[in-house]
Amino acid sequence: MHESRPVRMLFGSGSIVFALLLTSLVLLATGTNPVAAYSNILQGAFGSADVAANVIVSWVPLMLVTSGLLVTFTVGLWNIGIEGQITLGAIFTVWAERELANAGLPPGLVIALAMLAGAAGGALWAMLAGVLKAFGGVNEIFGGLGLNFVATALNLWLIFGPWKRPGIASMSGTLPFDPSLWMPTITPQSRLAIIPVIIALVGIVFVFILLKGSYFGLQLKAVGKNPRAAYILGIPTWQRMMTAFALCGAFAGLAGGVQVTAVYHRLIPSISSGYGYSGLLVAMLANYSAIASVPVALFFAALNVGSIQLPIVLKLDSSLAGVIQGFLVLFVLLGNGIRTRIFGRQDSHGARPARSKRSKSGRQCEGDDHE
Amino acid sequence: MKSIRIFFLLTLILVASSGLFAQGAPKAAGSNLTIGLLMVGPYNDHGWSQANYEGMQYVIAKVPGTKLVYIDKVNPADRPGTTASQLGESLVAQGARFVAFTSDDMTDEAIKFAQAHPEIFVIMTSGDQQWKEGKAYKPLANMINIMGRMEYGKMIAGVAAAMTTKTGQIGYLGPLINDETRRLASSVYLGARYAWVNYLKKDPAQLKFRVTWIGYWFNIPGVTSDPTQVVDEFFNSGCDVVISGIDTTEAVTEASKYHSQGKDVWAIPYDYTKAMDEGKSVSLGVPYFNWGPAYVKAAKDAMAGTWQSHFEWNDPDWKNINNVDTSAVGFKKGVLTVNASQTVDKFVKELAGGLNLWKGPLNLQDGTQYLAAGKAATDLQIWYLPQLLQGMTGQSVSK
């Protein structure tokens, strides 16, 4: 049976309807009017220029993280360690700002160097997961999870130890940087800095071109589809995986840098803000498409910001936003599964991880060939 | 000519007054005021946040024309990706013209918010930014700081603990280490030592007072030390009274568990007048904040246009420290023995009569002199206590 475009649209929209229906049932069970909840989220996200700016502020790190994840997904990797990579990006950014704050450099240059340091920190941390996979045989999911814990511990140690406020160890984080080292905002009162928005947009365009229009991107896809076949065809598989890890980590590190320079202006314990895990959901919901991930990330950011109204207005917990996001991803994945059962597999939607097709990493493939 | 002079004079006055106005307090809110409240923990935590929440509910009950919008769990673990100033703006979007940031962890964001919104009345509870003599002075015309002199409540708690302990070992469950928490832990010690020496006539060297910090005002799994385990460690290592300095009630809950197993242990919770409800059979009492009266005054000032930036550190009402309309801090007694209960009453009377335990000779934990014999500590010396006091065991400074 052939799968037509309307059928795909039907499955896509059906998934959203089911997710909203189920969330509405949850709301009704708690005695809340779903319409009121949804309209409050909408109002909270787009009700004024200020809250809309907050949505963009939230969109930037989410978009950066998703951009990176699209690369690792393409090469068939579940980079669960992305949270740790954001954290390390933030740590490197703070380290650079601390070191350069009194170096006599122009503030703009300090911020730029700090962001680059953040990207490098994220990339290095991601490559550690890559090394564990390629040379230690550690699955990237477990390696990434382990590294996330290490990153959190390192972050807390810095906040409560070497970088603590004078005499005080506080969950509120390190001392804020001087305002001259904050990313400039569009107006003094606004929270929105335009440079991170540009970085995020350039980032996703870069990933789109990389994956859709470059030989390198084609190699990544080949490794993602079947690393063993890719290796036989002469593609250096483990090197491509390491590069994908490094790229993803760099994007995550930039997200961490944005959190430091444009949002919190200091290092805080939960500096990653869960954007790594949200990015995984965004990429899945967008069906691993760079173009679709832009509005999906915006939707997630709007849910995050808009849901703040729930506890304020309806006395509901704002984690409802997470419920909606979770249901959406679940139903989209379920819809895809049902569609595949009915119409068979049709790989026309670009890259996606296809882990079921293989069991070993590229490095291990090389080893196999030597056996 | 005269009219020209008058014209210039009037112009000068207008320009000067407009300049003053630009830097001055926000305009009077008038007869209706929506109050925004940001709490660090859940609004019903039976601790610090609930005390603040009920303080604002008291305002709503006492001041006609006021209404409350609030958001709780304003901390990096519960609301990742948001900032307190952003959440404050969400309350402003709901009509708030008066916003209270009620945790010292919100200080940076409260300052950002106050600077960005000079038209909004801002309370930074427990802060010292508007204390002209303070170390963190940052003049902001729209901000006031409110704090209760909990040092008294903690001293009373120390007396209750010393009069009850059988092992002579008292544990203090501390949150994070800062000026406020050091001076509160030290106040407990001063009260305990005073009772130990003056009422029980015992050698002060025999009183063991240990402080363990968990790292935050409440438990954050994977981030802070688990307060339940810290309390267990206290009880398993000889302490029979644990005094809580954190915002939640683990000390009481664990004491109840041990008590039900037949062990003679007690706890003293903190912050909230009904915190003993979690374990009435083991709670010796509770030192608590009563934010209502100070918040009422601030709200009335905002409405009437009499708001002036300032710092206030409010005393208990010594006529009745549990008077909800007048006392900033209080102490509710729990399961004290008759003797201990009478001693606590006696101590409160002594405090009301002028007894000052923050008086030399007192040394800091490392042995350096804090106060010479007979010298009373100034407010600044108490507020910015640099270490725990000599005789206390535990970390003085975050390492």
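Values quoted throughout were computed directly from the atomic coordinates according to the rules given, and no laboratory measurement underlies them. These numbers come from a predicted model, not from an experiment. All Cβ positions, glycine included, derive from the backbone under ideal geometry; neighbour counts span all protein chains shown.
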Query raised in the report: So, counting K/R as plus one and D/E as minus one, what does the shell of residues with Cβ under 15 Å around A:V305 add up to?
Result: 0
Requested in this report: Specify the angular offset, from 0 to 90 degrees and rounded to the nearest 10, of the alpha carbon long axis of helix B:338-352 from the longest principal axis of the alpha carbons in chain B.
Outcome: 40
Query raised in the report: Normalized C-alpha radius of gyration of region B:265-369, against 2.2 N^0.38 Å?
Result: 1.35
Query raised in the report: If each of B:L355 and B:T306 carries a label point 7 Å out from its Cα toward its Cβ, how far apart are those two points in nm?
Result: 3.6
Report summary line: Rounded to 0.05, the calculated FRET efficiency for the beta carbons of A:M9 and A:V138 at R₀ = 35 Å is 0.30
Query raised in the report: Separation of region B:74-116 and region B:24-49 by C-alpha centroid, Å?
Result: 11
Report summary line: Reduced to Cα centres, the span from region A:48-66 to region B:320-385 in Å works out to 50
Query raised in the report: Where does helix B:107-116 land angle-wise versus the long Cα axis of chain B, in degrees 0 to 90, nearest 10?
Result: 10
Report summary line: Distance in Å, no decimals, from the C-alpha centre of region A:142-158 to the one of region A:304-329 is 28
Query raised in the report: Where a ≥ b ≥ c are the square roots of the eigenvalues of the C-alpha gyration tensor, would you call chain A rounded, which needs a/c under 1.5, or, failing that, prolate if a/b is larger than b/c, or oblate?
Result: oblate
Query raised in the report: Over 29 Å between Cα atoms, which of B:K280/B:K359; B:K62/B:K333; B:K300/B:K349; A:K133/B:K73 qualify?
Result: B:K280/B:K359; B:K300/B:K349; A:K133/B:K73
Report task. Multiply the residue separation of B:A61 and B:V338 by 0.36 nm, subtract the distance between their alpha-carbon atoms, and state the gained length in nm to one decimal. Result -> 96.1 nm
Report task. Can you pull the one-decimal nm distance between simple spin-label points at A:L42 and A:L105, each 7 Å off the Cα toward Cβ? Result -> 4.7
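By the gyration tensor of its Cα atoms, with a ≥ b ≥ c the square roots of the eigenvalues, what is the shape of chain B: rounded for a/c under 1.5, prolate for a/b over b/c, or oblate? Show your work: numbers first, answer last.
Values: a/c = 2.13, a/b = 1.76, b/c = 1.21.
Since a/c reaches 1.5 and a/b is larger than b/c, the shape of chain B is classed as prolate.
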Requested in this report: Enter the mean number of other protein chain beta carbons within 10 Å of the beta carbon of each residue in B:80-88, as an integer.
Outcome: 6
**Report entry** Paramagnetic label zone (point 7 Å from Cα along Cα-to-C-beta, A:W157; backbone N under 18 Å) in region A:127-143
**Finding:** A:128-129
Query raised in the report: Tilt of helix B:292-304 relative to the longest C-alpha principal axis of chain B, in degrees (0 to 90, nearest 10)?
Result: 0
